[in-house]
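Undergrad: Handing you this structure, nothing more for now.
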Amino acid sequence: METSYPLDDNFTTSGVVITEEIKSYLYETAKWGKFLSIVGFIFLGLMVLGILSFLALGASLFSELGDAGAMGGMGMTFMILIYGLFIALYFFPTLYLYRFSTKMRTALDANDQQSLSESFMNMKSVFKFWGIFTAIIIGFYVLMFILSIVFGGIGAFM
């Protein structure tokens, strides 16, 4: 009768096994993820510089125009808010992608199960974020389509 002990070399767990081929795919995925996240952080920095230049330009422009620049100030404020929204939307998936990449490299280098779990948790967050964002955008398009039909149809009868 053959017995198996948990610390045996022959002990196998039921479920997924990460082979060397899979490890190489995960290494490559982590490298590309880190590259994309670093590029994302660079673009975020450029966007922040863009907001700062808008602020500097707006301050100098509106000090010259006085009251006549009030409408332009509202437009500039709107642009800064939109830019800020884009920065906030882009920051989180970029951060999650960076965390995925660094945790994956740590997990594969050290055979660390906890880092592997955290890595995939961050990847899940990337996909969850973009999935929710995509659903919101699709909902917005559907709403705009319905509103254009409703208000376009009303305009045809007038």
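Undergrad: Tell me, what is the FRET efficiency for S53 and M121 to the nearest 0.05, using R0 = 30 angstrom and their Cβ-Cβ distance as r?
TA: Rounded to the nearest 0.05, the efficiency is 0.20.
Undergrad: Arranged by the count of other C-beta atoms within 10 angstrom, fewest first, what order do L46, L116, L55 take?
TA: L46, L55, L116
Undergrad: Still on this structure, I have one more. First measure r as the distance between the Cβ atoms of V17 and L46, then evaluate 1/(1 + (r/R0)^6) with R0 = 35 Å and state the FRET efficiency to the nearest 0.05.
TA: Given R0 = 35 Å and the Cβ-Cβ separation, E is 0.20.
Undergrad: Consider a paramagnetic label point 7 Å from the Cα of K128 along Cα→Cβ; state which residues of the range 96-116 have an amide N under 20 Å from it.
TA: Answer for the range 96-116: 96-104, 114-116.
Undergrad: Which of the lysines could be linked to K31 by a straight reach, that is with a Cα gap under 17 Å, when you skip same-chain ones fewer than 8 residues away?
TA: The qualifying lysines are K23, K103.
Undergrad: Within a 10 angstrom radius of the beta carbon, how do V142, V16 rank from fewest other beta carbons to most?
TA: Final ranking by Cβ density, sparse to dense: V16, V142.
Undergrad: What does the charge add up to near G40, with Lys and Arg as +1, Asp and Glu as -1, over the other residues with Cβ less than 14 Å from its Cβ?
TA: +2
Undergrad: Pulled fully out, how much extra length does the chain show between V150 and D112, if you take 0.36 nm times their separation in residues and subtract their Cα-Cα distance?
TA: 8.0 nm is the gain from fully extending V150 to D112.
Computed from the coordinates by the stated procedures, all read-outs in this text should not be read as laboratory data. Since the model is a prediction, treat every value here as computed from it, not as a measurement. Every residue, glycine among them, receives a Cβ derived from its backbone with ideal geometry; neighbour counts consider all protein chains shown.
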